[in-house]
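What follows is a single structure, written as structure tokens, with notes after it.
The values are calculated or read from the model by the stated rules, or taken from the named source; none is laboratory data. Keep in mind it's a predicted model, so treat the numbers as computed, not measured. As a convention, Cβ positions derive from the backbone with ideal geometry for all residues, glycine included, and neighbour counts pool all protein chains shown.
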Amino acid sequence: MNKKYILTAEKAHMKLRRISFQILERNTHLNSIHIAGIKENGYLLALELKKILQEISSFQIELSAIELDKSNPIDCKLDAGVRYTSKNVLIVDDVVNSGKAMLHAIHPLLALSPNQIQTATLVERSYKTYPLHVDYVGVSLATTLEDHISVVFKDGILQGAYLE
């Protein structure tokens, strides 16, 4: 099957910039935010969002990684060195397919009593099998179950998103 660009590198960066402004607009009452990226690509996107938010806002921004196997996301590991209690947390992933991985990333945070949890993704598929609303979306696509979406990084640099 051929790869088709969904987002070029330039358009993907434009989407991340727009998401950053939306985060800023929705959270003007905050002075800090904790961005937690789902490894691997979600964490790389979280790094990009952090850079942009540092340019456009006065937020104090913390960053951490969430480790989970997307094919079996039940075993989710948060960064043990981070206190999430009373924090404003933004969970970031590259693609939200069924919603399962994002929900499993949210679940352990709930026990730690954050002030709020918001979610962001570069690509959201319009069919989800789990009840998840993503707060900040770069692009939402109607796809078939057979389609595969990839967000590609090379040496930590966002290259774009593809449909296969």
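Across segment 1-19, which residue is nearest to residue 162 (Cα to Cα) among those that are in a helix (DSSP H, G or I) and in contact with an Asp or Glu (Cβ under 8 Å, 6 or more places away or on another chain)? Spell out the reasoning first.
Applying the first criterion (in a helix (DSSP H, G or I)) to segment 1-19 yields 9-19.
So of that shortlist, the ones also in contact with an Asp or Glu (Cβ under 8 Å, 6 or more places away or on another chain) come out as 13, 16.
Working: 13: 15, 16: 16 Å.
Among those that are in a helix (DSSP H, G or I) and in contact with an Asp or Glu (Cβ under 8 Å, 6 or more places away or on another chain), it is 13.
Report yes if residue 118 is over 27 Å from residue 7 (Cα atoms) and of a type in the set (S, T, N, Q), otherwise no. So that I can check it myself, show each step before the final result.
Numbers: over 27 Å from residue 7 (Cα atoms): no; of a type in the set (S, T, N, Q): yes.
Spelling it out, it is not the case that residue 118 is over 27 Å from residue 7 (Cα atoms) and of a type in the set (S, T, N, Q).
Total residues in segment 133-164 satisfying the condition of being exposed (fewer than 15 other Cβ atoms within 10 Å of the Cβ) and among the hydroxyl-bearing types (Ser, Thr, Tyr): the figure is 2.
Any idea which of 124, 55, 25 is assigned to a strand (DSSP E or B), free of Cβ contacts under 8 Å to residues at least 60 places away in the same chain and not aliphatic (A, V, I, L, M)? Break it down into steps so the answer makes sense when it comes.
Details: 55 fails: assigned to a strand (DSSP E or B); 25 fails: assigned to a strand (DSSP E or B).
The match here is 124.
Would you point out the residue of segment 139-158, among those that are part of a strand (DSSP E or B) and over 18 Å from residue 39 (Cβ atoms), that is farthest from the chain's Cα centre (by Cα)? It comes out as 141. Just checking, does segment 139-160 include any residue being free of Cβ contacts under 8 Å to residues at least 60 places away in the same chain, touching an Asp or Glu at 6+ places or on another chain (Cβ under 6 Å) and of a type in the set (Gly, Ala, Ser)? Within segment 139-160 (the criterion being free of Cβ contacts under 8 Å to residues at least 60 places away in the same chain, touching an Asp or Glu at 6+ places or on another chain (Cβ under 6 Å) and of a type in the set (Gly, Ala, Ser)), the answer is yes, since at least one residue qualifies. The numbered conditions (1) in contact with a Cys (Cβ under 6 Å, 6 or more places away or on another chain); (2) modelled with pLDDT under 85 are all true for residue 68 except (2). A count restricted to segment 127-138 and to residues that are in contact (Cβ under 8 Å) with a residue 60 or more places away in the chain and part of a loop (DSSP other than H, G, I, E, B) stands at 1.
When segment 63-107 is examined, which residues are found to be at positive phi and buried (at least 19 other Cβ atoms within 10 Å of the Cβ)?
First, the residues of segment 63-107 that are at positive phi: 86, 99.
If the condition is that a residue be at positive phi and buried (at least 19 other Cβ atoms within 10 Å of the Cβ), then 99 is the only one that fits.
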